[in-house]
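Structure, as structure tokens:
The values are calculated or read from the model by the stated rules, or taken from the named source; none is laboratory data. Computed from a prediction, not measured in an experiment: that's the story for all the values here. Because the Cβ atoms are built from the backbone with ideal geometry, glycine has one as well, and the counts that use them run over all protein chains shown. We work out accessible area using only protein heavy atoms, side chains counted, and drop any ligands, DNA or RNA first. Shrake-Rupley method; radii C 1.70, N 1.55, O 1.52, S 1.80 Å.
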Amino acid sequence: MRHLHPLAWLLLGGSLAVTVAVAGNPIVTVTVLACAVVISGARRSPRSSAFGAAVKIGLLLGAIVLVIGLFTGPASGNTTVLFTVPRFSMGAGADFGGIYTTYRLAATGTTAIEVLAYSCLVGLMWQACPAGQWCDLAETFLGRAALLLAPLLSLGEAIARVHDTGHPRWGLAPAIVDQDLQIASSWRRYSPHPRPSALSALVAGLTLVVVTALVLAASMLGGISTSLAGGHTIPGPALAGAIACCWALLRPTIGGAALIPRPTGQDVVAAVISLLPVAAVLCAGLGGPDAGQLRTPDGQWPGLPQITVIAVCLATAVVMVLGASVAQRGPDDADTKEAAHA
């Protein structure tokens, strides 16, 4: 499968993650999980073991969610009682234990599958592109802030390299950390983006401090009230996300930051199609035909949101077909050569 532009992969992963979060439907979650596994199987790359590691992490986190849900999961009196867990209260509304019903089991199981799906999507992003291209994309949109993200963006490739060397398990964590720092340091030395001047770096640092202070102040005051959207309040995290999105859009437009490498026509098509799942689930929330199938009521089986599921499958199929069609051009598109960029 051909290496699409990292921006196309990022839009695909982000679209599927938002779809899972907004839909709240186990059928959508399982569909996204299955599509991530299928794409990973078709995306043969030197970082395939990174996806396997993400799956193991997701299974571990999902098991933890199931155990915690045994004591703190939501209960419903309209479903069958399975067993009773001793109940005690820690104060301030923190109650643990109680009656364990089939609804609590279904709710905690759905949350565990969502955690697994998110972890698989992160692993798919690690596997999809070399670490150097992820860091280049982050620097294009975030500037010098990409230095803070470089170790995280390089983690998947570090896991794959350590796994391929057959390192013993007893020293696996230190070896992954050491390899991760080496990859991030190598990217810093050979990054194609020009380095900013001392003055611009100082201004950017002061701006970051001011923005962070504003976000913290908004969070402490309970958000910023607005007359838009029916007088809703914008919380601090939402304000931080809006500022980050505005900054990311200004850098390639006004700031003159260029995407490295430049996207092709196939990359643009894949990026647009990748947004179909999130568009479908957001439109359903506004009263679309899938609105009644999302957010399963207590004690009822989940409905099938057909448009959302079709959009997820269509985005997966288009990404795989475009990748396969471009791969037939020749060995220059092979992922083994692109891995050297890291």
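Below, the figures for the structure above:
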| item | result |
| --- | --- |
| Region 1-165 - percent of accessible surface contributed by carbon and sulfur, probe 1.4 Å | 73 |
| Average accessible surface area per residue within region 1-165, 1.4 Å rolling probe, Å² | 41 |
| Under-5 Å amide H pairs with residue 224, H placed in peptide plane, nonlocal only | 234 |
| Residues whose placed amide H lies under 5 Å from that of residue 25, excluding near-sequence neighbours | 295 |
| Approximate spin-label separation residue 268-residue 61, in nm, with each point projected 7 Å along Cα-to-Cβ | 3.5 |
| Under Karplus coefficients 6.51, -1.76 and 1.60, residue-wise ³J(HN,Hα) of region 305-317 in Hz, glycine/proline x | x, 4, 5, 5, 5, 4, 5, 5, 5, 5, 4, 5, 5 |
| Built amide H within the under 5 Å cut-off of residue 100, gap 5+ | 82, 83, 84, 85 |
